[in-house]
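What follows is a set of notes on a single structure, which appears directly below.
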Amino acid sequence: MYLALLVIFLQCSELYSQKRVFTFNTVDIKVQPSVKVKNGAPLSITCHADISKSTDFQLKHNFTVFKDGKLVFMTVSDKRDARYEIPVARSSDTGDYECTVEAGGKTKSSNSLHVWVTGMTKPILTAEKKEVLEGEVVKLRCELPEEVPPLYFFFRKMKMNSTPKEKSVFESQRNFSVVEFPVEEGDNILQFDCFARRNVKLEFESSEHSKKTLVTVREPFIKPTLNVKPSSNITEGDRIQIECSTVVARMRDIEIILQKNKTILNSVRDEKLLKYSAVATLEDSGEYQCKVEQGRASKTTKLNIVVSELFPKPILAASVIKLDENKELTLSCSINGFQKANFSILRKNSNADIWLKNSKNLTMRVNVNDTGSYICKAEVKGIVKESKPVTINVYAPVSKPTLSVVSGLPEVVLGKSLLLICRSVMGTPPITFTFYKGNKIKETVVNDTYATFLDENIGQNDKGGYRCDAKNNHSSGMKTSNILNITVIVPIKNASLGSVPYGEVEDGSETVFLCSVKEGSWPIRFRIFRKTDREVLLFEKNENAHRVVWRREAMNRQDTGTYYCMASNRANVDVKSHPITISVILAAWQKGVIAAFVLILIAGAVTLTLWWLLCKKKKAKGPSMEMSGSALATNSPNEKLTRQHNDGDYYSGSGYIEGSENHMKSTDESKGPDLESAEVEYTEVEVSTLDPHRDSVENRHSRLQGHPDAT
């Protein structure tokens, strides 16, 4: 029964779940009246869910509206539509809107829809002060309370008959901005306004301009007054007086400055009047400027002053500007059309001018130290004017020049360059030096005390004829050096080495080496080397010749090796010959001694061989006789043993002999017929142990003679 109820319950649940099946088809978002509305107009955003159901049942819908990814509206409804109302749309409502619907555990979102609220609210502009002084600043604040950042703010400063000045500020976090405008000279009634801009989808949108704000400017002081006395017809020598004054509202921090061509002549602080006085000169003509400053405020007045010339500048004349030392020089100072003046003549100096004479004229006998610039000064009514300088050059004659080679020695390597120097110890510069090679002018140089000349690629014929001339502006004229002859050094070429004998040399014999060169200037330094595992200098000599001979009297085996020679001269170039190889061999007598020694050795060997053969032949006879005696002795071994024991002439090594006898006995008993051969071997051993060979033979013969079988 319970099982049946459970089956019925499951069937009912399955039927119930089949009845509540639904699915989202689409979710749409709409804007009314349109996606682009004016600022201040109403705006409605509707979210609609299109859902399919298996049966008609109630379903709760959670509607969520997002703007630029941020939640702006949320509601729950059993209807398939939800509406987000914005009664007054502002530019801040511009953005991308999206709707999301959640129902029965399922969620679906609409596509994104961009809404643009066109136009911006009118900004509000306020000024910190309505009345300011020149030099102060006007602080302004522009605000858009209903807008959201980021915003661009623009401020404008306007005055009569002038182009507005504008400042811009970008605010990324605030919907207001603050700026300051300085109040300048000439500002009196100022008007300010502002507006804002924003960036929407890469397009800029601007707000209306704010209401104009009026700011009144007061002067802290009036424009200065600049006066000069006398006011006109000012002549050099007159005393001029300049006054600059102003009227100030507040004396504190007031400053008056007098300038001429940006040069400050005088200044005062916390005073309303500035005075300046000076004796007028022609250089005092120009534009004068009086400037009054207080804080940031500044006002200027300009005045042009012309000073007439009292007398022209004096002129200094010289009788001559280039002259020899110990000559007479006359200087004269004058003023065109003006005679009454106090004159003085001076010499210019870097530290201070040197006074020479208070007069129009000066005559003196000069020396080299009087070279320099001279001026004259003229004074009238306290006005001093200076002439243009006149340069005087006093010349001492040049001394006879000396011509030499810069490197020192009067020589040069063939093909190289020759650097000559011409020097004149005395003489006032500039000095003109002229170089000659033979009778041809090669170069002319102007210098102070010396000059150089480079003659390139010297040949063998360039050996002499160099000279130089020196002259300056002295009337004595030109001086000539002595003629300089040059030695041309020919470098070494093609060194070679030979020897007699060549190649193989007998030990103890003499060898002659010859080192020679094809060409080269004398003296020549010859060196001969031997190279084995290291280089050894054997011979060195300087010769005024193209060859040198060296005799090596007694050569030995250590002299075997490679030889070469090197030659050099003052060209400082070492030339190396091709190497030759010398082998030291045995002398003829040494070979004879060795041959004789070898022959002696051969003869000795032959002699020894013959002697050995003779000895061997004699030994062969002795054993044959003993074998005969041994054959007889085989029948009486006891007798033989007795005779051996009593024979005092035998070798005393009895142990070896007894062992041999025992061995022979055992052999005789076991083998029988082999006894005779054993006796022969025993006899040979016994003979080799005898001291004198002759006694041994005699004893054996006596034994054989006394043996019973001797017959």
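The values are calculated or read from the model by the stated rules, or taken from the named source; none is laboratory data. Quick caveat: nothing in here was measured; it's all calculated off a predicted structure. Cβ: placed from backbone, ideal geometry, glycine included. Neighbour counts: every protein chain shown. Quick note on the areas: whole protein, heavy atoms, side chains included, nothing else; ligands and nucleic acids left out. Shrake-Rupley method; radii C 1.70, N 1.55, O 1.52, S 1.80 Å.
List of remarks:
- Complete set of residues in the range 407-446 that are surrounded by 15 or more Cβ atoms within 10 Å (Cβ to Cβ), among the polar types (S, T, N, Q) and either without any contact (Cβ under 8 Å) to a residue 60 or more places away in the chain or farther than 27 Å from G477 by Cβ (or both): S424, T432, T434
- Members of the range 55-76 found to be touching a residue at least 12 places away in the same chain (Cβ under 8 Å), open to solvent by 30 Å² or more (accessible area, probe 1.4 Å) and of a type in the set (A, V, I, L, M, F, W, C), listed by number: F66, V72, F73, M74, V76
- One residue stands out among those in the range 500-516 that are crowded, with 17+ Cβ neighbours inside 10 Å and of a type outside the set (D, E): the one that is farthest from G459 (Cα to Cα), which is V505.
- Some residue of the range 273-284 being basic (K, R) and at positive phi: no
- Residue check, R552 of a type in the set (K, R), without any contact (Cβ under 8 Å) to a residue 12 or more places away in the chain and farther than 30 Å from G415 by Cβ: no
- Under the condition of being open to solvent by 40 Å² or more (accessible area, probe 1.4 Å) and within 16 Å of I431 (Cβ to Cβ), the residues counted in the range 468-494 number 7.
- Residues (over 17 Å from Q289 (Cβ atoms), assigned to a loop (DSSP other than H, G, I, E, B) and in contact (Cβ under 8 Å) with a residue 12 or more places away in the chain) located in the range 222-233: N233
- Of all positions in the range 283-299, at least one carries a residue that is within 57 Å of the chain's Cα centre (by Cα), aromatic (F, W, Y) and surrounded by 12 or more Cβ atoms within 10 Å (Cβ to Cβ).
Per-residue answers, yes or no, for (1) of a type outside the set (V, I, T); (2) at pLDDT 85 or above; (3) over 20 Å from Y502 (Cβ atoms):
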{"position": "K541", "(1), (2), (3)": "yes, yes, yes"}
{"position": "R551", "(1), (2), (3)": "yes, yes, no"}
{"position": "I585", "(1), (2), (3)": "no, no, no"}
{"position": "A588", "(1), (2), (3)": "yes, no, no"}
{"position": "G592", "(1), (2), (3)": "yes, no, yes"}
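- Applying the set (1) assigned to a strand (DSSP E or B); (2) open to solvent by 50 Å² or more (accessible area, probe 1.4 Å) to K79 leaves exactly one unmet item: (1).
- Of all residues in the range 26-54, those satisfying the criterion of being in contact with a Ser or Thr (Cβ under 7 Å, 6 or more places away or on another chain), within 11 Å of V101 (Cβ to Cβ) and open to solvent by 20 Å² or more (accessible area, probe 1.4 Å) are D28, I29, D50.
- Residue check, I264 out of contact with any His (no Cβ under 6 Å at 6 or more places or on another chain), over 30 Å from I392 (Cβ atoms) and buried (at least 17 other Cβ atoms within 10 Å of the Cβ): no
- Residue, least open to solvent (accessible area, probe 1.4 Å), within the range 163-211, restricted to residues that are modelled with pLDDT of 90 or more, aliphatic (A, V, I, L, M) and more than 29 Å from K223 (Cα to Cα): A196
- Restricting the range 141-162 to residues that are among the basic types (K, R) and open to solvent by less than 70 Å² (accessible area, probe 1.4 Å), the residue that is modelled with the lowest pLDDT: K159
- Considering residues of the range 234-259 that are under 60 Å from the mean Cα position of the chain (by Cα) and under 12 Å from K291 (Cβ atoms) only, the residue modelled with the lowest pLDDT: I254
- Each residue in the range 573-587 was checked for being assigned to a loop (DSSP other than H, G, I, E, B) and open to solvent by 60 Å² or more (accessible area, probe 1.4 Å), and 5 of them qualify.
- The residue list I345, I264 contains one member that is modelled with pLDDT of 90 or more and within 16 Å of E379 (Cβ to Cβ), which is I345.
- Across the range 385-403, the qualifying residues are those that are crowded, with 17+ Cβ neighbours inside 10 Å and part of a strand (DSSP E or B), and the one among them that is farthest from the chain's Cα centre (by Cα) is K385.
- Per the listing L484, L497, L454, the residue uniquely aliphatic (A, V, I, L, M), farther than 29 Å from G408 by Cα and touching a residue at least 12 places away in the same chain (Cβ under 8 Å) is L497.
- Qualifying residue in the range 327-338 (condition: open to solvent by less than 80 Å² (accessible area, probe 1.4 Å) and under 15 Å from N473 (Cβ atoms)): yes
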